[in-house]
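Written below as structure tokens is the structure these notes are about.
The values are calculated or read from the model by the stated rules, or taken from the named source; none is laboratory data. Note that the structure is predicted; figures quoted are calculated from it, not measured. Positions of Cβ are generated from backbone atoms using ideal geometry, with glycine treated the same way; all protein chains shown enter the neighbour counts.
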Amino acid sequence: MAGTVDPSVYKDAVVVLATAGVIVPFAKSLKVNSIVAFMACGALLGPYGLGGLVSSIPLLSTITVSNAEALAGPAELGVAFLLFVIGLELSFERLMTMRRLVFGLGLGQVALSAAAIGAVAYALGQPAPAALIIGFGLALSSTAMVVELLSAKKRMMSSAGRASFAILLCQDIAVIPLLFLVSVLGAQNGGGSLLAGLAQALVQAFGAIAAIVVIGRLALRPLFRLVASTDSSESFMAATLLTALGTGLIAATAGLSMGLGAFIAGLLLAETEYRRAIEVTIEPFKSLLIGVFFLTVGMSVNPAQLAAHPFTIFGIAIGLFAAKSLLVFGLARKFRLTKATALETAIMVGPSGEFAFVLLNGAVAAKLLAQEPASLVLAGVSLTMIALPLLARIARTLAMKLAPTVNLPDEAKVLPPDDHSARAIVVGGGRVGRLVASMLEEHGKPHILIDSDPALIAAQRRAGRPAFYGDATQPDFLRLCGLEEATALIVTIDNPRAVEQAVRAARALKPDLVIVARARDAAHARHLYELGVNDAVPETIEASLQLSEAALVGLGVPMGLVIASVHERRDGFRAQLKPAGVPLRTLPRHARSRRL
């Protein structure tokens, strides 16, 4: 007999899943940051958005969240999983490698920013504990957003990327004692000796942390060894979730935060051989639960409050960003970072982040901070986070203008040959470009290799290869490389925009040049054909064809038939991607059948 189902019980879960599964991917297709999309959906569907109209329009109750507190539990889990992953990635070796920036630049940024912001809050009438929490909360930046933005542009290993990550790493470490500080101050808010309360809390915290560490060291490695021996991905997933949630609950039972317990569990597992597998397993849950957290952040944004206090909120946002950015820029210059790196780093970490909501909401719950000033401050924080993707683009543009002249190694100062000889030009000295160049050399085809990485070019020249430093997107440099006499241009770099710029420049200089370009996917290949390349090689399609070839040969299909089938599929894809009227170059039939 079918049971009675109350749809209202699952309504909030459906709204969250619809946001994560439909709205956010759609926003990302429009180049909108996923975290900004979650926050915008929270503001739209929350109690201050469409959820506030449910009493007038009852039908809206099916697509809105009228009670943000219903998502408080999943949101807290999102923070716990974020700290769990931070603990996993926080290896001792990484800290030692980056110790100068982490404990120098990062610690200086947290301390100076907290002191400056806290002093302003105290001067505006906030009590000392509230000013302290506001100062530290706003000193922290958005690890989730900054790392996502840097990773999307493949700039994590750049100078600004490393400096930004070092500051964020120090901030993430600082979150743990700050959460503890909020719990201690909250426990003493009702009266009593602060020192006695602090001593009691420290003993209690030490006992809980010691229990987690001892149990973890004794049990975690054997547990994961046992689970891994079953070769069951479901069991491994369950063990990972149990570890993160179990340690979080132990910490919460001891009066600490769940995030602290999850962080310690991550630190313990970082020492084991299961670290990478755990990171992969936890990623989907972490991303979804962090999305729930940012959804609740968006629900706390009240447009009416913004309309009632626009100057105050915008003043908080602008003042906060300006103060932190100036402090970071000055500190970065003290640590001998270039002006370009210092400026980009300062703009990236200038906005506040998700932990401001954790700390300030915790302070409100502990009655250390009144709701109204907390709401105003967090509204300003939200504005800085929403502006972060735009600020990141501005930061990169300004940094490029301030970038100093590259100090080239002697090997990279050699100019391309000016002998007007016909040769192929390979753009990109990475693994793909070097392989293409070696194939040209093997078949006796004269060529040169060009790249904008001076260290890479220097290494190639020391190895005796014809490599030259320069920017292939600049027409003057392509002309200097002998493009007008070149037999072909092979573009192998993995930056789609740079590929397109190089193709445009080359096609304008020599309309009949053979151009073969690397494409990210089918859509990018189609665009390159529109720009005039003779052949575009999509990474995704080529990988699929090579996997198919290996699989078919492994299954016993004759090699000749497989090669012919792969070539026919490749020609079919090329015919689909090339615009109408462009001739299709196919492999000669005798070449296809030579191994049948």
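Take segment 478-530 and flag every residue that is among the basic types (Lys, Arg) and within 20 Å of residue 430 (Cα to Cα). Result: 497, 518, 520.
May I ask you to verify whether residue 344 is touching a residue at least 40 places away in the same chain (Cβ under 8 Å) and of a type in the set (Asp, Glu)? In short, yes. Being surrounded by 19 or more Cβ atoms within 10 Å (Cβ to Cβ), among the hydroxyl-bearing types (Ser, Thr, Tyr), at pLDDT below 90 and in contact with a helix residue (DSSP H, G or I) (Cβ under 7 Å, 6 or more places away or on another chain) holds for only one residue in 345, 341, and it is 341.
Taking segment 467-489 as the search range and keeping residues that are of a type outside the set (A, V, I, L, M, F, W, C) and touching a residue at least 40 places away in the same chain (Cβ under 8 Å), which one is surrounded by the most Cβ atoms within 10 Å (Cβ to Cβ)? The residue in question is 469. Looking only at segment 418-447, residues that are in contact with a Ser or Thr (Cβ under 7 Å, 6 or more places away or on another chain) and basic (Lys, Arg) come to 1 in all. Here residue 552 passes the criteria (1) hydrophobic (A, V, I, L, M, F, W, C); (2) under 30 Å from residue 495 (Cα atoms); (3) assigned to a helix (DSSP H, G or I) except the one numbered (2).
Working only within segment 109-142, note down all residues that are among the hydrophobic types (A, V, I, L, M, F, W, C) and under 22 Å from residue 386 (Cα atoms).
110, 114, 117, 134, 136, 138, 139, 140 - these are the residues of segment 109-142 that are among the hydrophobic types (A, V, I, L, M, F, W, C) and under 22 Å from residue 386 (Cα atoms).
Each row is one residue, and each column tells you yes or no for (1) buried (at least 21 other Cβ atoms within 10 Å of the Cβ); (2) within 20 Å of residue 139 (Cα to Cα).
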{"position": "391", "(1), (2)": "no, yes"}
{"position": "425", "(1), (2)": "yes, no"}
{"position": "439", "(1), (2)": "no, no"}
{"position": "453", "(1), (2)": "no, no"}
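Candidates in segment 103-130 are the residues that are farther than 18 Å from residue 358 by Cβ and buried (at least 21 other Cβ atoms within 10 Å of the Cβ); of these, the one that is modelled with the highest pLDDT is 109. Taking the criterion of being in contact with a Pro (Cβ under 8 Å, 6 or more places away or on another chain) and over 16 Å from residue 514 (Cα atoms), the residues of segment 467-495 that qualify are 468, 469, 470, 480. Is there a residue in segment 74-81 that is surrounded by fewer than 21 Cβ atoms within 10 Å (Cβ to Cβ) and modelled with pLDDT under 75? Yes, segment 74-81 contains a residue that is surrounded by fewer than 21 Cβ atoms within 10 Å (Cβ to Cβ) and modelled with pLDDT under 75. None of 518, 497, 461 is closer than 30 Å to residue 575 by Cβ, surrounded by 14 or more Cβ atoms within 10 Å (Cβ to Cβ) and of a type in the set (D, E, K, R) except 518.
Would you please name the residue that is surrounded by the most Cβ atoms within 10 Å (Cβ to Cβ), looking only at residues in segment 302-324 that are within 24 Å of the chain's Cα centre (by Cα) and of a type in the set (A, V, I, L, M)?
Filtering segment 302-324 for residues that are within 24 Å of the chain's Cα centre (by Cα) and of a type in the set (A, V, I, L, M), the one surrounded by the most Cβ atoms within 10 Å (Cβ to Cβ) comes out as 320.
Could you count how many residues in segment 108-122 are out of contact with any Phe, Trp or Tyr (no Cβ under 9 Å at 6 or more places or on another chain) and within 20 Å of residue 375 (Cβ to Cβ)?
The qualifying residues number 3.
Within segment 586-596, can one find any residue that is touching a strand residue (DSSP E or B) at 6+ places or on another chain (Cβ under 7 Å), surrounded by 18 or more Cβ atoms within 10 Å (Cβ to Cβ) and either modelled with pLDDT of 85 or more or on the phi < 0 side of the Ramachandran plot (or both)? Within segment 586-596, none of the residues are touching a strand residue (DSSP E or B) at 6+ places or on another chain (Cβ under 7 Å), surrounded by 18 or more Cβ atoms within 10 Å (Cβ to Cβ) and either modelled with pLDDT of 85 or more or on the phi < 0 side of the Ramachandran plot (or both).
Show the residue pairs that are 6+ apart or on different chains and have beta-carbon atoms under 6 Å apart, the first residue being within segment 436-463 and over 11 Å from residue 490 (Cβ atoms), the second being among the β-branched types (Val, Ile, Thr) and in a helix (DSSP H, G or I). Close Cβ pairs satisfying both conditions: 451/457. Flag set for residue 174, criterion: surrounded by fewer than 23 Cβ atoms within 10 Å (Cβ to Cβ), within 15 Å of residue 109 (Cα to Cα) and at pLDDT 80 or above.
Restricting attention to segment 250-260, which residues are modelled with pLDDT under 80 and either of a type in the set (D, E, K, R) or on the phi < 0 side of the Ramachandran plot (or both)? Result: 251, 252, 253, 254, 256, 257, 258, 259, 260. With the structure loaded, tell me whether residue 296 is assigned by TED's automatic domain parsing to the domain that holds residue 53 and within 23 Å of the chain's Cα centre (by Cα) or whether it fails that test. Yes.
If you take the residues of segment 224-247 that are surrounded by fewer than 18 Cβ atoms within 10 Å (Cβ to Cβ) and in contact with a helix residue (DSSP H, G or I) (Cβ under 6 Å, 6 or more places away or on another chain), which of them is farthest from residue 80 (Cα to Cα)? Across segment 224-247, the extreme among qualifying residues is 235.
When residues in segment 140-160 are screened for being more than 17 Å from residue 86 (Cβ to Cβ) and in a helix (DSSP H, G or I), 4 of them pass.
I'd like to know if segment 339-348 contains one or more residues that are in the same structural domain as residue 132 (by TED's automatic domain parsing), closer than 23 Å to residue 50 by Cα and in a helix (DSSP H, G or I).
The answer is no, given that none of the residues of segment 339-348 is in the same structural domain as residue 132 (by TED's automatic domain parsing), closer than 23 Å to residue 50 by Cα and in a helix (DSSP H, G or I).
Against the test of being touching a strand residue (DSSP E or B) at 6+ places or on another chain (Cβ under 6 Å) and small (Gly, Ala, Ser), the options 523, 467, 543 yield a single qualifying residue, 467.
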